[in-house]
Structures are given as structure tokens and as C-alpha cells.
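Just below is one structure, and these are the notes that go with it.
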Amino acid sequence: MSTDIRRLANAVTGLGDAVSRVRADAPSESELATIIERGDFRPVEDEAIGYWYARFLTVRESLWDVIDECRRNLEHSTGDEDRLRLFLIGYSAACLLVGIDRVLLFGVARHSVVQRKLNEAFDELRIPRKQFTKIFEAFVNESSAFALLMAMKFANRHRRSLEALKGDRIVGEIARQLPELEEALNPSKREYLRGLFAFLSHKWRRRGVVSAGNVLAGVAEGVGRVASELHVSSGKRVTDSVRATIGDFLRPGDILITRHAVAVTNLFMPGFWPHAALYVGTPEQRSELGVEVPDDKADLWTDNICTLEALKDGVRLRRLSDTLSVDYFVVLRPGIPADGIRLAIERAIAHEGKMYNFDFDFFSSDRLVCTEVIYRAYDGVYGIEIPLAERAGRKTLSAEDLLEFATDEGRFESVAIFGVPGCDRDIAFGDDVGTLLSSSYRPNIQQA
């Protein structure tokens, strides 16, 4: 249980930083005023708000994941200290969620021009229509508001115990930040009604003449997650048998490009293939390759731990079974000598333990996004130069950028693929991989 709590605490700490960056990077009042006065979005403005919105949705859904996992763990936890830690983490995530929603609803999208734009589908970012309205409905949903009020009352009743956690080795930082996080909450009826009236005004403009009863019925149907409709966590196409087969095939240094059939992780990064991880090998393979890592990293790299992957809880060494709990995957193999592979893995492992980069900005290396693990491992090794693409003013690298680089430059070879038409039951190896990979995303990108 303590491992789960530590992982959740790391996730909510990173998400707190991500919320601050999303708030800081929101379109400015002057930018919005220009758009509103003109009455439409120019292409560059359309692209910029779309990428910002995708970041917002990704952070928002990650907060809900933390809240859900805290709630599930509370059902099985028996120790009072662990239960209080889990409540603190989940409650803090709820505070962050309310805060980031306020940025969208009462900062960015105060005008109908912006609201209409955010209700459009951003197909290239896998964002469906009417997401803004669903978020607004969730914000004023009575049952959600009541649940939050109960959480606030619980926090007040246990205030001394929560303050005592400021010195806790796992959640101390969160406990110290709690008063600031709680500033996002306003339990007053006046504030709630202000949000409700704003929602009714938006709903009225969107639908035209409609009865108040129907509008309130829509409010009552609001849900909190919104983006959860994009996530399926069970019934993955990659089975234990498939994982065992590919596990025997993988070599240290291989790159895993993966995709869930439906998932919030498909947001922001364009294209069919959104995610990447690095196969660093088993401890035995590490020894054979001569990889040298600090003792604290070696202590984590044990048993069946064999991948390095950046997820919302940070850059962590993980089990292959966790990394390949997906529906599709491609394996890229670098065409460089063993000493280059060793160097790349040592460079990548140096970033283990860092926070996740919800900004998707490659300028700094204190936080890493999934593809940045690959970039910082291989760029500069044996003459490999991985190009970055500018998107909405940021230098980024998507998983499909990696695939394009592998195909065009030949520095990485696609050696296995699973899940796409032609290999939806068995892994394809050899000469067929390139053709199956190209057909999965190049001619016509189709939603699975």
C-alpha cells in the first residue's frame, strides 16, 4: 500500500505543477479580446488554443485518475494513517481539479465565441465535440458539488491530523501545500449560483429557446470526468501470451511505440500512435551489456522490471506487463553497436525519478514526456540526430515523429508490430512490418 501511496503522491505533486503551467499558458486577456472582437479564430490561433485545450484535458483526466485510485485504495485500506494519506492526496487532486476548471470556465471561455470553438471537435488531437459543455455541466452538477462539500467538511473535522502530516515522508509536501490548494474551493451558495447562471446562459445560447426544466435536467446529468469516455482500461488486445512472445524477442535499447484503442493518452500528440517507452532489458541483460547505473537505480531495476516509461506519476522503471497493457504496439530497433546501446540506456536511466512533463516542451530536462525519454537517450549517440517539430510554439516530438524518423533516416528499424489490420491476432515480424506500420497511420488515419 505504501508504494501505491508514494506513487499517487508523486503524481499529484507533478499534476500540481502541471496545473500551474496550464494556468500560466492559457490565452491572455488581450489575445482573447482580439479574437472576440473579430468574432473568429485565425488558423494559428485555432491551433494554439487546440493544443492548450488538449493539455488541459490531459491534466484534468489525470487528476480524475488519481481521485478514482485513491477512492479504490481507501476501500481496501485498514490503517488510519494510510487512509488519511489517501484522503489528503485525493482531496488535493479535487482541489486542483476545481482550480483548473475555473481557469477554463471563468477565465478562458467567458465569451460565446471561445465557448463555440472549444465545443468543436479537434480531430487531429482526438478531442470529440461538446467537451466544453460537458465540463460546464460537471462543474455545476449538484451531486458533485455535494460530494465536494462533504470532503471539505471531512477535511475541517480532521484539520489537526492533516496538519500533522506536514512532516510525513510521503505526503508532507502535499500537506504543506493544502491551504493554498483549498483556495480554489468556494462553498458559498452565491458562488455556486453564479456558476449555475453562467451555465444556463451558455446552454440557452447553444440550444436556442428551450424550457428551463430541460436545461436543469441537462445539468443534473452532468458528469465529473468528461474525458473518461475516451478511456478503456480492461479487455486489452495484447494478451499475456502476446506479451510473453514479444518479451522473448525484445533487446535492450528497443523502443516500444504503443496505443490504447481508446484513451485520454491519445490526446495532444497528433496521429494514430501516441506513446513511447524504452526497453532497457532485464537485470541479466543489463549485466551482459555492461550498463552501469548508480546503486539507487540498480535497487529499483530488479526482477521483471525492464522498461523505462514516462507516465503521469513520472519517469519510472516499470514491468513490461504494465507498459504493454495496451491494444497496439510497434517495436523499433536501433541500428547501432552495443556500446551505443549501453550509452543510450545509461543516459536514459539518469532521468529516472523525474516528474512527467505535462507541458510537452523539450526545452528543459527537469521533467520529461514519454518521447523525451527516447530523445534524451539516443540523440547524439553514433551520429543520431532526432529532429524536433514546432507545435503551438513548442519544440516537441510525437511518437509518429519517431516513426517517420525511423522510416526516413533508417537509424531505427521497425521489427515487430501487433494490433493493426493484418496482425490483429498475432505479432508480425520481418519484411511485413514496414508495410503494416505505414498502412496504420499514413494513408488515412482512422480512429480505432
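The values are calculated or read from the model by the stated rules, or taken from the named source; none is laboratory data. Quantities reported herein were computed from a predicted structural model and do not represent experimental measurements. Neighbour counts run over all protein chains shown; Cβ positions are idealised from the backbone, glycine included. Calculation scope for accessible area: heavy atoms of the full protein, side chains included, ligands and nucleic acids excluded. Shrake-Rupley method; radii C 1.70, N 1.55, O 1.52, S 1.80 Å.
The single condition from (1) under 18 Å from Gly290 (Cα atoms); (2) in contact (Cβ under 8 Å) with a residue 60 or more places away in the chain that Asp339 fails is (2).
Those residues that are within 24 Å of Gly16 (Cβ to Cβ), in contact with a helix residue (DSSP H, G or I) (Cβ under 7 Å, 6 or more places away or on another chain) and in contact (Cβ under 8 Å) with a residue 60 or more places away in the chain, I need them from the stretch 105-117; list them, please. Spell out the reasoning first.
Residues of the stretch 105-117 that are within 24 Å of Gly16 (Cβ to Cβ), as a first pass: 105-109.
Among the residues that remain, those that are also in contact with a helix residue (DSSP H, G or I) (Cβ under 7 Å, 6 or more places away or on another chain) are: 105, 108-109.
The answer is Leu105, Val108.
What helices (runs of 4 or more DSSP H) completely inside the stretch 1-118 contain at least 3 residues that are open to solvent by 50 Å² or more (accessible area, probe 1.4 Å) and closer than 21 Å to Ala147 by Cα? Passing ranges, in order: 43-76. Could you list, in sequence order, the residues of the stretch 363-405 that are open to solvent by 10 Å² or more (accessible area, probe 1.4 Å) and modelled with pLDDT under 90? Phe363, Ser364, Ser365, Asp366, Arg367, Ala389, Glu390, Arg391, Ala392, Gly393, Arg394, Lys395, listed by residue number. Of all the criteria given as (1) in contact (Cβ under 8 Å) with a residue 24 or more places away in the chain; (2) out of contact with any Pro (no Cβ under 7 Å at 6 or more places or on another chain); (3) within 23 Å of Thr245 (Cβ to Cβ), the one not satisfied by Arg347 is (3).
Of all the listed residues (Gly314, Gly290, Gly340), the sole one being at pLDDT 95 or above and on the phi > 0 side of the Ramachandran plot is Gly290.
Each residue in the stretch 317-336 was checked for being open to solvent by 60 Å² or more (accessible area, probe 1.4 Å) and either outside any strand (DSSP E or B) or at pLDDT below 95 (or both), and 2 of them qualify. The test for being at pLDDT below 95, of a type in the set (D, E, K, R) and open to solvent by 20 Å² or more (accessible area, probe 1.4 Å) holds for Asp295.
The set of residues in the stretch 264-287 that are buried (at least 20 other Cβ atoms within 10 Å of the Cβ) and either over 24 Å from Arg333 (Cα atoms) or modelled with pLDDT of 90 or more (or both) comprises Val264, Leu267, Phe268, Trp273, His275, Ala276, Ala277, Leu278, Tyr279, Val280, Gly281, Arg286.
The single condition among (1) in contact (Cβ under 8 Å) with a residue 40 or more places away in the chain; (2) within 22 Å of the chain's Cα centre (by Cα); (3) open to solvent by 40 Å² or more (accessible area, probe 1.4 Å) that Leu125 does not meet is (3). Cβ contacts < 9 Å: first residue closer than 19 Å to Gly253 by Cβ, restricted to the stretch 404-433; second residue open to solvent by 70 Å² or more (accessible area, probe 1.4 Å) and of a type in the set (Phe, Trp, Tyr), any location; separation 6+ or different chain. Result? Note: pairs meeting the criteria are Arg411/Tyr382; Val415/Phe429; Ala416/Phe429; Ile417/Phe429. Restricting attention to the stretch 171-188, the residues that are modelled with pLDDT under 90, over 18 Å from Leu97 (Cβ atoms) and part of a helix (DSSP H, G or I) total 0.
Take the residues in the stretch 129-142 that are open to solvent by 40 Å² or more (accessible area, probe 1.4 Å) and in contact (Cβ under 8 Å) with a residue 12 or more places away in the chain; name whichever of them is nearest to Phe272 (Cα to Cα). Among residues in the stretch 129-142 that are open to solvent by 40 Å² or more (accessible area, probe 1.4 Å) and in contact (Cβ under 8 Å) with a residue 12 or more places away in the chain, the one nearest to Phe272 (Cα to Cα) is Lys134.
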